[in-house]
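Novice: There's a structure below that I have some questions on.
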Amino acid sequence: MTSKGSIALTVSALVLAAAPMSLHAQGVFGVITSEQSAITDSVRAWLDGVNERLEGGYEYNLVAGGALIGSGTEIPGFQDGLVDGGMVSVLYAGAELPVINMLANASLLVDDSRAGGAAFAETVLLNCETCLDELIENNIMPIGPYATSPYSLFCREPVESVADLEGRTVRARGVLGELAARMGAVPVNLGVSEIYEGLQRGQLDCTVFSAGAATAYSYEDVAPHIVNLAAGPVTGPTAMSLRYDLWESMDTATRQAFVDAAPAAATVGIYGYYNEDLEVLGNPDAYGVTVVEPSEEMQALIDEVTQESIELVLEEASERGVEDPEGIMNVYRETLAKWEGILEEIGDDEEAYTAALQSEIYDNFPIDR
């Protein structure tokens, strides 16, 4: 039996989080994203898939909205056994995951979120031992990726030029924070669960987020003016993750159930964002928003920051002690180009995308790690 869950539903199950899992244990999972988010849907689809595959089923509680683990508490939650698994937002973890964070901050390289999510997962699971080791050292076994659609700018008031952003507070991190600063805005570092209230109370003037967030987070109520920046999606290999000590305790058949459920579940989340984005941008009146394209000056700054972003990301990674960041980045770029080619062949066919994830990644999953 599954549940969308609340803190109350998970309290009785928390003790189980620190114990080895049996086939009938009730899992405790947390995500920072809202109950209506495509990422939350993806994690739920994954766990439902595990439930179908394991003899005797798999009961779980999934707590959304950062109520169990959220910004700044995801990795400690895995390390301390508060959860059995869930999502880890790698964009927030520069100190703990410098290699993974470096790849997450290369988002402006990504034109197609579907390619970006798949490429990140393949790089970490199959092509970058350093990447996988870094997650495992933090008690995280990555199994399935996430990818939002490319980010737009939601604002309380209309924005038609760079001058309109001068001095405005914009919730943005990483290279998107750099982009906001270059436009004269003031980047603000808030967790996902804090954005709506920040906009509602005027603590924020704008936030970068995927346009489909209008349906998942109701930003249209507080920031109905969208600039279609189409600036790099947020991607990561860890939407579907397990505590590594839990993974170690599983037999091969149980591990395989969690792996086999991942490709279709990843498609749910990645295409969820992709399709929501198309819907909102294509039907703004139906969602109570206005959509404008970037001005020429704004687009020039986007292009400029895109060109500079990789150099900045690599420099920051070196400062954090990452060895051979250029080599790791090149592996990721090659894998990204591969997935862009796959998407050119399969188009918008979701079943074909799931099949490609299976053949290119999950048929070769490092089950013995």
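Novice: Here's a check for you: in the stretch 100-114, which residue that is farther than 16 Å from Met329 by Cβ and out of contact with any Pro (no Cβ under 6 Å at 6 or more places or on another chain) is surrounded by the most Cβ atoms within 10 Å (Cβ to Cβ)? Quick ask: steps written out before the conclusion?
Specialist: Kept after step one, since they are farther than 16 Å from Met329 by Cβ, are these residues of the stretch 100-114: 111-114.
Going one step further and asking which of them are out of contact with any Pro (no Cβ under 6 Å at 6 or more places or on another chain), we end up with 111-112, 114.
Values: Asp111: 14, Asp112: 19, Arg114: 28.
Restricting to residues being farther than 16 Å from Met329 by Cβ and out of contact with any Pro (no Cβ under 6 Å at 6 or more places or on another chain), the top hit is Arg114.
Novice: OK, next. Quick check, is Val43 assigned to a loop (DSSP other than H, G, I, E, B) and either of a type in the set (Phe, Trp, Tyr) or modelled with pLDDT of 95 or more (or both)?
Specialist: On the way: assigned to a loop (DSSP other than H, G, I, E, B): no; either of a type in the set (Phe, Trp, Tyr) or modelled with pLDDT of 95 or more (or both): yes.
No.
Novice: For residues that are in contact with a strand residue (DSSP E or B) (Cβ under 9 Å, 6 or more places away or on another chain) and either surrounded by fewer than 19 Cβ atoms within 10 Å (Cβ to Cβ) or part of a strand (DSSP E or B) (or both), scanning just the stretch 179-190, find the one that is modelled with the lowest pLDDT. I'd like the intermediate steps shown before the answer.
Specialist: Of the residues in the stretch 179-190, the ones in contact with a strand residue (DSSP E or B) (Cβ under 9 Å, 6 or more places away or on another chain) are 179-181, 183, 185-190.
Narrowing the set further to residues that are either surrounded by fewer than 19 Cβ atoms within 10 Å (Cβ to Cβ) or part of a strand (DSSP E or B) (or both) leaves 181, 186-190.
Numbers: Ala181: 94, Val186: 97, Pro187: 96, Val188: 95, Asn189: 90, Leu190: 87.
Among residues in the stretch 179-190 that are in contact with a strand residue (DSSP E or B) (Cβ under 9 Å, 6 or more places away or on another chain) and either surrounded by fewer than 19 Cβ atoms within 10 Å (Cβ to Cβ) or part of a strand (DSSP E or B) (or both), the one modelled with the lowest pLDDT is Leu190.
Novice: Between a first residue in the stretch 296-313 that is at negative phi and a second residue that is surrounded by 14 or more Cβ atoms within 10 Å (Cβ to Cβ) and of a type in the set (Lys, Arg), which pairs have beta carbons less than 8 Å apart while being 6 or more apart in sequence or on different chains?
Specialist: Leu301/Arg182; Glu304/Arg182; Val305/Arg182
Novice: Given the conditions (1) in contact with a Leu (Cβ under 8 Å, 6 or more places away or on another chain); (2) within 18 Å of Ala231 (Cα to Cα); (3) surrounded by fewer than 24 Cβ atoms within 10 Å (Cβ to Cβ), which single one is not true for Glu134?
Specialist: (2)
Novice: Taking interchain pairs and intrachain pairs at least six residues apart, which have beta carbon atoms under 9 angstrom, with the first residue in the stretch 59-83 and at positive phi and the second assigned to a helix (DSSP H, G or I) and surrounded by 22 or more Cβ atoms within 10 Å (Cβ to Cβ)?
Specialist: Gly65/Thr40; Gly65/Val192; Gly66/Glu74; Gly66/Val192; Gly72/Tyr92; Gly81/Ala17; Gly81/Leu246
To keep it simple, each residue is scored yes or no on (1) out of contact with any Pro (no Cβ under 6 Å at 6 or more places or on another chain); (2) modelled with pLDDT under 95; (3) under 30 Å from Leu312 (Cα atoms).
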{"residue": "Ser3", "(1), (2), (3)": "yes, yes, no"}
{"residue": "Ser37", "(1), (2), (3)": "yes, yes, no"}
{"residue": "Gly56", "(1), (2), (3)": "yes, yes, no"}
{"residue": "Asn61", "(1), (2), (3)": "yes, no, no"}
{"residue": "Pro76", "(1), (2), (3)": "yes, no, yes"}
{"residue": "Gly85", "(1), (2), (3)": "yes, no, no"}
{"residue": "Pro98", "(1), (2), (3)": "yes, no, yes"}
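Novice: Could I ask something else about it? For the stretch 208-311, which strands (runs of 3 or more DSSP E) that fit wholly inside it have 1 or more residues that are more than 30 Å from Glu160 (Cβ to Cβ) and under 19 Å from the mean Cα position of the chain (by Cα)?
Specialist: Numbers: elements: 225-231, 235-243, 290-292.
In the stretch 208-311, the matching strands (runs of 3 or more DSSP E) lie at 235-243.
Novice: Now, a different point. Run down Arg114, Arg44, Arg53 and say which single residue is basic (Lys, Arg) and closer than 18 Å to Trp247 by Cβ. First the steps, then the outcome.
Specialist: Values: Arg114 fails: closer than 18 Å to Trp247 by Cβ; Arg44 fails: closer than 18 Å to Trp247 by Cβ.
On inspection, the qualifying residue turns out to be Arg53.
Novice: Still on this structure, please answer the following. What number of residues within the stretch 328-369 are exposed (fewer than 14 other Cβ atoms within 10 Å of the Cβ) and either of a type in the set (D, E, K, R) or more than 27 Å from Gln256 (Cα to Cα) (or both)?
Specialist: Number satisfying all stated conditions: 12.
Novice: One residue is enough: does the stretch 137-157 have a residue meeting the conditions over 19 Å from Asn228 (Cβ atoms), crowded, with 18+ Cβ neighbours inside 10 Å and among the small types (Gly, Ala, Ser)?
Specialist: yes
Novice: If you don't mind, there's one more thing I want to ask. So which residues in the stretch 57-76 are part of a loop (DSSP other than H, G, I, E, B) and among the aromatic types (Phe, Trp, Tyr), if there are any at all? Step through it out loud before you land on a result.
Specialist: Step one: list which residues in the stretch 57-76 are part of a loop (DSSP other than H, G, I, E, B), which gives 57-58, 64-73.
Correct list: Tyr58 only.
Novice: Further question: So in the stretch 228-279, with the set limited to residues that are modelled with pLDDT under 95 and hydrophobic (A, V, I, L, M, F, W, C), which one is nearest to Glu137 (Cα to Cα)?
Specialist: Looking at the filtered set, the residue picked out is Val234.
Novice: Here's something else I'd like to know. Could you list all residues from the stretch 158-170 that are at pLDDT below 95 and either of a type in the set (Phe, Trp, Tyr) or crowded, with 24+ Cβ neighbours inside 10 Å (or both)?
Specialist: None; the set is empty.
The values are calculated or read from the model by the stated rules, or taken from the named source; none is laboratory data. Keep in mind it's a predicted model, so treat the numbers as computed, not measured. As a convention, Cβ positions derive from the backbone with ideal geometry for all residues, glycine included, and neighbour counts pool all protein chains shown.
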